[in-house]
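Since the structure comes first, as structure tokens, the remarks are kept for the end.
The values are calculated or read from the model by the stated rules, or taken from the named source; none is laboratory data. The model shown is predicted, which means the values in this text are computed figures rather than measured ones. Backbone-built Cβ (ideal geometry, glycine too); neighbour counts: all protein chains shown.
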Amino acid sequence: MSRKHYISVEGFKTLSDELNHLLTVERPQVVNTVAAAAAEGDRSENAEYIYGKKRLRQIDKRMTWLRDHLERLEAVEPPKATDKVRFLSWVRVEDADSGDTRDFRIVGADETDAKGGWISWRSPVGRALLGRAVDDDVTVDTPGGRREYVVLDIAARQDALAG
């Protein structure tokens, strides 16, 4: 068995809800569409039948992936302590070169959103920040070059970060 992958409770629920929706809503609808199209006779030129069968394969493939993936995931609650950067922490950092500040949330690989500052705990920046405390200097080798950050604040929620 492969090792566990971490995800927030909300992220786990999102993937579980997607699986449930595919299983209980979308797949039955497509099955009914394919059955109705098949009843019309010649299937070789029946676009609804051909597309429906293709969509069923896509749904089944996604459901298989979700089931397997959910078994490997471990849902984690946000940390209560804010003395160090942990999985699901919000972190405000200052770029040592530019003085710009950025907020990051350390999340699982299934939840990343670069524009929202949600970075994987496995990313170069995520790995470098884990275990750090306020006022720590952090050097990160990124694909875009070496970055120097200073940890300004750590919080359990983004709205709790100091301004």
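If you check residue 159 against the conditions, is it without any contact (Cβ under 8 Å) to a residue 12 or more places away in the chain and not in a loop (DSSP other than H, G, I, E, B)?
Values: without any contact (Cβ under 8 Å) to a residue 12 or more places away in the chain: yes; not in a loop (DSSP other than H, G, I, E, B): yes.
In short, yes.
Of all the residues that make up the stretch 1-31, how many are assigned to a helix (DSSP H, G or I) and either touching a residue at least 60 places away in the same chain (Cβ under 8 Å) or within 19 Å of the chain's Cα centre (by Cα) (or both)?
14
Run down 88, 15, 22, 66 and say which single residue is closer than 22 Å to residue 131 by Cβ, out of contact with any Gly (no Cβ under 8 Å at 6 or more places or on another chain), of a type in the set (A, V, I, L, M, F, W, C) and surrounded by 16 or more Cβ atoms within 10 Å (Cβ to Cβ).
Exactly one residue qualifies, and that residue is 88.
Would you confirm whether any residue within the stretch 136-151 is surrounded by 14 or more Cβ atoms within 10 Å (Cβ to Cβ), at pLDDT 95 or above and either aromatic (Phe, Trp, Tyr) or part of a loop (DSSP other than H, G, I, E, B) (or both)?
Yes; the residues of the stretch 136-151 include at least one that is surrounded by 14 or more Cβ atoms within 10 Å (Cβ to Cβ), at pLDDT 95 or above and either aromatic (Phe, Trp, Tyr) or part of a loop (DSSP other than H, G, I, E, B) (or both).
Pick from the stretch 91-135 the residues that are surrounded by fewer than 16 Cβ atoms within 10 Å (Cβ to Cβ) and without any contact (Cβ under 8 Å) to a residue 12 or more places away in the chain: which of them is farthest from residue 157 (Cα to Cα)?
Applying the filter and picking the extreme gives 98.
Considering only residues of the stretch 32-55 that are touching an Asp or Glu at 6+ places or on another chain (Cβ under 7 Å) and in a helix (DSSP H, G or I), which is surrounded by the most Cβ atoms within 10 Å (Cβ to Cβ)? If you could, list the steps in order and put the result at the bottom.
Of the stretch 32-55, the ones touching an Asp or Glu at 6+ places or on another chain (Cβ under 7 Å) are 33, 37, 46.
Okay, now just the ones that are also in a helix (DSSP H, G or I), so 33, 37.
Details: 33: 16, 37: 18.
Step by step, filter the stretch 32-55, then rank; the result is 37.
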